[in-house]
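The values are calculated or read from the model by the stated rules, or taken from the named source; none is laboratory data. Note that the structure is a prediction, hence the values are computed from the model and not measured. Glycine gets a Cβ as well: all are built from the backbone with ideal geometry, and neighbour counts include every protein chain shown. For the accessible areas, the whole protein counts, side chains as well, though only heavy atoms, and no ligand, DNA or RNA atoms are used. Shrake-Rupley method; radii C 1.70, N 1.55, O 1.52, S 1.80 Å.
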Amino acid sequence: MAQFTRPKPTMSDTRKPFPFDEFEPKWQARWDSEKTFRTPNPGEKGFDASKPKYYVLDMFPYPSGAGLHVGHPEGYTATDIVGRYKRMKGFNVLHPMGYDSFGLPAEQYAIKTGQHPAITTAANIETFRRQLKSLGFGYDWDREIATTDPEYVRWTQWIFLEIYNSYFCEETNTARPVSVLETKGWSRDEIDNVRLAFVADTPVWWSPDLGTVLANEEVEEWKGKGHTVERRPLRQWMLRITKYAQRLIDELDMLDWPEGIKLLQKNWIGRSEGAEVKFQILNFNSQVEVFTTRPDTLFGATYMVLAPEHPLVSEITASEQKEAVQTYQKAISSKSDLDRGDLNKDKSGVFTGAFAINPVNGKEIPIWIADYVMMGYGTGAIMAVPAHDERDFEFAEKFGLPVLQVVEPTNDHDWKGYTDPGTAVNSGFLDGLPTAEAKAKMIDWLESNDQGKRRVQFKLRDWLFSRQRYWGEPFPIVWKDGKHQAIPDSELPLLAPPLEDYKPSGSPEPILTKAREWVELPDGSIRETNTMPQWAGSCWYYLRYCDPSNSDRFISKEAEAYWSSNTQSSINNTQCGMVDLYVGGTEHAVLHLLYARFWHKVLFDLGHVGTPEPFQKLVNQGLIMGEDGQKMSKSRGNVVNPDDVVSAYGADSLRLYEMFMGPLEQVKPWQMKGVEGVSRFLGKVWRVAFDEQADGSLTISPRIQDITCTDKELLRVLNDTIKKVGEEIEALKFNTAISFMMTCTKAFTLTETVTLNEFIQFLKILNPFAPHITEEIHFRIGGKVLLSETEWPTYDASALIRTECELVVQVNGKLRDRIWMAMDAPEESAKELALASPKVQEHIDGKTIRKVIYVPGKIMNVVVS
RNA sequence: GGCGGCUUGGCGGAAUGGUAGACGCGCUCGACUCAAAAUCGAGUUCCAAAAGAGUGUGGGUUCGAGUCCCACAGCCGCUACCA
């Protein structure tokens, strides 16, 4: 059990190093009542248009019943430090917080506790808010939002209708309103076929015990939690994210995101270039299209494989193969995903009895079905080139199919199973060409002979956007005469009706169908009963923060323009994302971050927002592990509760510790001893200011004096610290920033006179990290204003200048001596001093000096042999 | 299998190609105390000391490499028959 306790309390040890339990709540109450961190919008009282904006965003939490986890304050403290720092540097800082309060987990929790999700959600939000406030974060609480608020739901639904009422124009590569098509005379059905939100019958992942379908991307997560999923063809709402695949890849280049996350998104979108090839089926009027990235190997295609679910299978299967094929199909459909993919890589398959004609040489090749070909990717059919594809090779070996070489390796690799580029052989008009050229030539041939064409294929699927659950936004859609249509804006928000029983029924019917009175409208139309996934709310919350109580628009033009302005990109000077800094966990690398980018781009295309991307700079905080180095989990009993840390050491200590643990982005283990360490540091700062009397009362230390500082060394350390801490905050290197402040505190501890001005400067730079204790000290030593409302100190560069230095002298790269000399000593005199050193002499004696490297102020390296 | 990340004292971690181990934890010793806690001070990579060795392993570039290049190993994460 990693339960932690305060070091054994003794009779006299009831007092804490500083009375955080008294002053932390006091300052929190003051910030709250004075709305210290309120940020006015353009047009509002107190708005200063001369200041540049800085938008620093946290990934808002899902308010679970478990309350805040120590992982939350990690990112939240980092953004709070940056936000408070930028504020002191003269920015209008937007630093908001809210709750991602819809979703499956909330509903699961409600079912478990037997309470309505609205009640549990409200209670959980209450807990989260209390915990967040107890950590002293400088949020603008007037901007607090929850995705379940009716006013928020209203605009989520409104944005959905914007998407619904749009199509993707291939010419402009942007979304446009479908009204454009109406004026062009498109029919209703034609328009419905191109909407960015559309209804489709597709095989989807259905979970009986959750009572809903899941997006491809969510399946693993819920399976991991022990839920079952099965494949079912169901009628679902989809969002046409695939139309944005290319832009979602290309526009990553403009973002200051970790390269790893960009790569993760690129791989998820999965672009591959190749060709679509048509194969005529022998004795049938049908053709099969395959997608291949290696059209140059077409001459080597010795068989074809269809996915078992491929619609053509039943049509082309020869009667003598029917039984075998059907048996195989049945076996595959009952196979779980795990059997088909993860665990079983053994190739299996059945011959259909049919043959396809290779368009390039007229050869008849057998058509098989096999589960290694997926219906969901490409065309659900492949041409198999066993000589140059591992999977095809394995399959051909197993079933004795011919293997024909068409690529000559460039190295001494055996041609069988050689998959890298080489030189085309046995390939007619391609012979002798390197792979890249052979691909191009084959595509030209296919296109000019109408046998295929160039094609770019993406792994990304359209986004399955509907759920059958209760705790989500209802679709603002009604069905009339079998056709869907939007409800008028005036009816938004469309809220779910109250339901007594929202437990999964085991059928794929949406739960809202139970609310008959709500579903059936007087004019005979019927409400859509699906609800939106949890992602819907998190796709645009950063926009709503900018103008949270606007009842006319999801965000006003003015607020959008101001909070999108002046975003600084480190890559090129283009302004591309709205949010300057976005901090959150890596678990959202592909889902939330991809969906939000997609929605933002649609809104951008439609002219509702002015930037093509939502988040300019992204930083992923590293996971905090348990004290045992394992992932924190209830079952391991290594979970640390932030409330316990706050009551034992105070909020400032928790904040400081989480920042001191190590680099923000790194995975780090929790160490309760480390919290004690930073708490001790804060105690030292406290004791610079105060002396404790025998009776336990505090008096201001007589060392503090309001006079001009003449202590050069103190001035040097302080100014160096001011400079470094500013730089480190900008670089998000909070751990080293804190270590510099520890060093500076030591200097204050050792000096005889603590000059007031210098000490207050120090309190200012510590303030973003430990806001409570710094305000308290400042107040007690006579400060009249809030430190957080003062300006960030500028450092005095002249105080940093050193005239002397300790020059390191090396002989052949090995450290031999250190010699004090003038910082700017000329090379000749420095050399003279260095060579005179007995320790250096010892190592150059009798040898020839070949070279002397001199870096003034740092190092001298004498090279001898 | 693929992709990404990581590897530095007893521990968390510092180091624009320039003194490896800042800062903190822990530990040791000392001061204060009847004693302890708290606090303050000194020390703490390894080796008994000197010499030397030392940033996962092996090479390379360089006057000089934790840092750059090549190969390899181990650990962690994500992904997985993507044609």
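See the values below:
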item: Loop-located chymotrypsin sites (Phe, Trp or Tyr not before Pro) in region A:377-416 whose Cβ has at most 16 other Cβ within 10 Å (DSSP); result: A:377, A:415
item: Karplus 3J(HN,Hα) series, Hz, for region A:148-157 with 6.51 cos²θ - 1.76 cosθ + 1.60 (x for Gly, Pro); result: 8, 4, x, 5, 6, 4, 3, 7, 4, 5
item: Distance between region A:455-483 and region A:382-452 - C-alpha centres, whole angstrom; result: 40 Å
item: Rg/Rg_ref, region A:643-789, where Rg_ref = 2.2 N^0.38 Å and atoms are Cα; result: 1.05
item: Subset of A:86/A:764; A:278/A:330; A:35/A:133; A:51/A:133 violating a 19 Å alpha-carbon distance limit; result: A:278/A:330; A:51/A:133
item: With at most 10 neighbouring Cβ atoms within 10 Å, loop GluC sites (Glu not before Pro) (DSSP) excluded, longest segment of chain A; result: A:172-499
item: Directionally averaged shadow of region A:470-583, computed from the convex hull of its alpha-carbon atoms, nm²; result: 10.9 nm²
item: Normalised alpha carbon radius of gyration of chain A [divisor 2.2 N^0.38 Å]; result: 1.17
item: Region A:521-530 - phi-based ³J(HN,Hα) in whole Hz, Karplus 6.51/-1.76/1.60, Gly and Pro as x; result: 8, x, 7, x, 7, 10, 6, 4, 10, 6
item: For region A:746-818, alpha-carbon Rg relative to the globular expectation (2.2 N^0.38 Å, N residues); result: 1.67
item: Built amide H within the under 5 Å cut-off of residue A:303, gap 5+; result: A:384
item: Interchain or long-range residues, amide H under 5 Å from residue A:615's placed H; result: A:578, A:579
item: Largest to smallest accessible area among A:435, A:410, A:513 [probe 1.4 Å]; result: A:410, A:513, A:435
item: Residue A:69 accessible area, assembled protein chains, probe 1.4 Å, Å²; result: 70 Å²
item: Cα centroid of region A:533-568 to Cα centroid of region A:811-859, whole Å; result: 62 Å
item: Placed amide H near residue A:213: partners under 5 Å, 5+ positions off or other chain; result: A:207, A:468
item: Qualifying trypsin sites (Lys or Arg not before Pro) in region A:140-215, DSSP loop, other Cβ atoms within 10 Å at most 16; result: A:184
item: For region A:115-192 and region A:243-290, distance of Cα centres in Å; result: 28 Å
item: Relative contact order, percent, region A:222-370 [alpha-carbon distance under 8 Å, six or more residues apart]; result: 23 percent
item: Region A:202-293: trypsin sites (Lys or Arg not before Pro) in DSSP loop, at most 16 other beta carbons within 10 Å; result: A:225
item: For region A:361-410, average projected area of the Cα convex hull in nm²; result: 4.5 nm²
item: Accessible surface of residue A:374 - all protein chains present, 1.4 Å probe, nearest 10 Å²; result: 90 Å²
item: Under the Karplus curve 6.51 cos²θ - 1.76 cosθ + 1.60, θ = phi - 60°, whole-Hz ³J(HN,Hα) for region A:248-265, x wherever Gly or Pro sits; result: 5, 7, 4, 7, 5, 4, 8, 9, 8, 10, x, 4, x, 6, 4, 5, 4, 5
item: Mean Cα-pair separation over length for region A:601-641, i.e. relative contact order, pairs under 8 Å, 6 or more apart, %; result: 21 percent
